[in-house]
Amino acid sequence: MPNYMLLLYSTTTDWEVGDDSWDDGMAEHEAFVEAVAEAGAEIVSAAALAPPQTARTVRGADRVVSDGPYAEVREVLGGYYMISAPDLDTALRLARRCPEEIVEVREEVG
C-alpha cells in the first residue's frame, strides 16, 4: 500500500501538554487512530510538534540559524500522521475524520 503524509495544521498555539484542551484533543486522536484501523489502513508514524515559537530555521547560503518559523503564518504545523492506505480516496476519507482544523494530504514519493 502507498504511504500518505497527513500534515496537521492549526490556528491555535496556546495549548499545553496536560491541560484540558490537550486531553480532549488526545481523546479525539485516539478515536481517529481506531478509524484508521477500521478503514484497513495503518499508521506508520505520528507525532505532535512543539509550538512554533520553539522552532529554529536554517536558511540562505551562509546557513544562518534564526529563532522561530521561516515566515509569519496564520496556520501552524502541529503534527503529522504517516499512514499506509490502499489509495488516495481512503487517505482523503481518513483526513476528513482527523480532528484538526486543516489536514494536508501528500503521497510519499517512491
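Please compute the contact order of segment 20-82 in relative form: average sequence separation of alpha-carbon pairs under 8 Å and at least six residues apart, divided by the residue count, as a percent.
Relative contact order of segment 20-82: 33 percent.
Give the accessible surface of the chain per residue, rounded to a whole number of Å², with probe radius 1.4 Å and ligands, DNA and RNA excluded.
67
What relative contact order, as a whole-number percentage, does the chain give when Cα pairs under 8 Å and 6 or more residues apart are counted? Intermediate values should be presented prior to the final figure.
Working: 178 pairs, mean separation 54.8, N = 110.
Relative contact order of the chain: 50 percent.
Nearest 10 degrees, 0 to 90: what angle lies between the long axis of helix 88-97 and the longest principal axis of the chain (Cα atoms)?
It is inclined by approximately 70 degrees.
Mind pulling the angle between the C-alpha long axis of helix 20-38 and the longest principal axis of the chain? Nearest 10 degrees, somewhere in 0 to 90.
Here the helix axis deviates by roughly 40 degrees.
Compute for the chain: radius of gyration divided by Kirkwood radius, i.e. Rg/Rh, restricted to C-alpha atoms, rounded to two decimals.
For the chain, the value is 1.02.
Chymotrypsin sites (Phe, Trp or Tyr not before Pro) within segment 24-103: which are DSSP loop residues with at most 12 other Cβ atoms inside 10 Å?
Sites meeting the loop and neighbour criteria: TYR70.
Rounded to a whole number, what % of the accessible area of the chain do carbon and sulfur atoms account for, probe 1.4 Å?
On the way: 3650 of 7340 Å².
That share works out to 50 percent.
For the chain, which longest stretch is free of loop sites, where a loop site is one of the trypsin sites (Lys or Arg not before Pro) that DSSP puts outside H, G, I, E and B and that has at most 10 other Cβ atoms within 10 Å?
Working: sites that count: ARG63, ARG74.
It works out to 1-62.
The values are calculated or read from the model by the stated rules, or taken from the named source; none is laboratory data. The shown structure was predicted, so the numbers you read here are calculated from the model rather than taken from an experiment. Don't worry about glycine lacking a Cβ; one is built from the backbone with ideal geometry, like all the others, and counts go over all protein chains shown. Each accessible area value is taken on the protein alone, full model and side chains, heavy atoms only, with ligands, DNA and RNA left out. Shrake-Rupley method; radii C 1.70, N 1.55, O 1.52, S 1.80 Å.
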